[in-house]
1. Test of understanding: given the chain, find the longest segment containing no GluC sites (Glu not before Pro) that are in a DSSP loop and have at most 13 other Cβ atoms within 10 Å.
2. For the pair residue 130 and residue 250, what calculated FRET efficiency results from E = 1/(1 + (r/R0)^6), where r is the Cβ-Cβ distance and R0 = 41 Å, to the nearest 0.05?
3. Assuming 0.36 nm per residue, please report the length gained on full extension of the stretch residue 28 to residue 161 beyond their Cα-Cα distance.
4. Which residue, 254, 79, 48, has the most motion in a Gaussian network model of the chain that connects Cα atoms within less than 10 Å?
5. Quick one, can you get me the convex hull of the C-alpha atoms of region 150-248 expressed as volume per residue in Å³?
6. Region 95-203: which chymotrypsin sites (Phe, Trp or Tyr not before Pro) are DSSP loop and have at most 14 other beta-carbon atoms within 10 angstrom?
7. Please give the FRET efficiency for residue 223 paired with residue 36, using the beta carbon to beta carbon distance and R0 = 30 Å, rounded to the nearest 0.05.
8. Using Cα-Cα distances under 8 Å and only pairs 6 or more residues apart, what relative contact order does region 172-236 have, in percent?
Amino acid sequence: MELPQNPFKAALTGEPRYGCWAGFGTAYASEILATVGFDWMLIDGEHAPNPIPAVLSQLQAVAPYKTAPVVRAVNHDPALIKQLLDIGTQTLMVPMVDTAAQAQALVEATRYPPHGIRGVGGGLTRATRWDAIDDYQARAHEELCLIVQVESRRGIENVEAIAAVEGVDGVFVGPADLSTSVGRAGQPNHEEVQRMIRHAFDSIKAAGKAAGILAPAEDNAKRYAEWGFDFIAVGIDISLMRQAALETLARYKADTKVPTGASSY
Ligand SMILES: O=C(O)C(=O)C[C@H](O)[C@@H](O)CO
C-alpha cells in the first residue's frame, strides 16, 4: 500500500488552520472531537494523561475523520519519539525547544540513518502498516512533520536559528509557558510578551516555516490569524466541556459561579 499522505503537512501554509487541544486521554473523547470539523487536533502527551497506548488508540479512533492528529511528546527523548513515530504519528510536536542544537537533535530522532538515529521497527509497527507499505523506510520523512515549540525567553532569543534548522517544518509558540518564563504568568497580552510573539512569528516566516500558536481567547486567535499564523489552536476540549457544564448548571442553580469563559491566552 501507499505511504499515507499527511494532511496536516499538506495544508500547513496558506489560510489559517484551526485546531483544538485534546486533553481527555481517551479514544472516545478524541473521536467525538474529530467529528466537529477542526482542521487538526493536538493529542497532548505533555500535560494530558497520554502514555503510548492511549495515543495509539486515539490515532486509530480519529483516522477515519478529516481532522488531522498532531501528537505532542512529553520531552525530547529519542526513544519516546521512536515509539510515537512507530505507532503512526505523522505530525509530532515537541515542547520546550530552546536552541538550534536541540531542534537538530529532534530532526535526527525522526530520521533513519544516515540522516538520523531512528531505529528500524519495520513490520512490528503501525507506521509501516506492519510492512504493508513497501518503501516506508525510504519515504517516511516525506510525510513526517516536525513542529518544535518555542516557549521561553531563551527559545525566543534563538528562534531564528531554531526555525532555520532543516527538517523543522514548523514552530509553535506556547504563550502560557512563554509569559510565565518572563515573569508575566497569565498575561500573554502583556506588551513584552506580545513583542516576543511577534518577533517569533516574523522569524519563523522569514525562515519559510509554518507558524503555530495556542489562542483559545477569540480576540487573540483573530489577531494571530490576521498576522498570518498558519495553525492556531482555538480551543481546549476539557475547558470547553467544563464551561458548557457550568453554564448549563447555572440555568438551574443560581449560586453556580460561571467564569466569563474567556481564556487569557
Ligand atoms: O505554553 C503554552 O501555551 C503551551 O505549550 C500550551 C500549554 O501547554 C497548554 O497545555 C495550556 O493549557
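1. Numbers: sites that count: 2, 166.
The segment 3-165 is the longest one with no such site.
2. Values: r = 50 Å, r/R0 = 1.23.
With R0 = 41 Å, the Cβ-Cβ based efficiency is 0.25.
3. Difference between extended and current length: 43.9 nm.
4. Among 254, 79, 48, the largest mean-square fluctuation in the Gaussian network model of the chain belongs to 254.
5. Details: hull volume 9.7 nm³, N = 99.
With only Cα atoms used, region 150-248 gives 98 Å³ per residue.
6. Values: sites: 130, 136, 172, 201; in loops: 130.
Of the chymotrypsin sites (Phe, Trp or Tyr not before Pro), the ones in loops of region 95-203 whose Cβ has at most 14 other Cβ atoms within 10 Å are 130.
7. On the way: r = 23 Å, r/R0 = 0.77.
Taking R0 as 30 Å, the efficiency between residue 223 and residue 36 is 0.80.
8. Details: 71 pairs, mean separation 18.4, N = 65.
Computed value for region 172-236: 28 percent relative contact order.
The values are calculated or read from the model by the stated rules, or taken from the named source; none is laboratory data. All values derive from a computational prediction rather than experimental measurement. Cβ sites come from the backbone with ideal geometry, for glycine too, and all protein chains shown count toward neighbours. Just the protein is used for accessible areas: all its heavy atoms, side chains included, with ligands, DNA and RNA removed. Shrake-Rupley method; radii C 1.70, N 1.55, O 1.52, S 1.80 Å.
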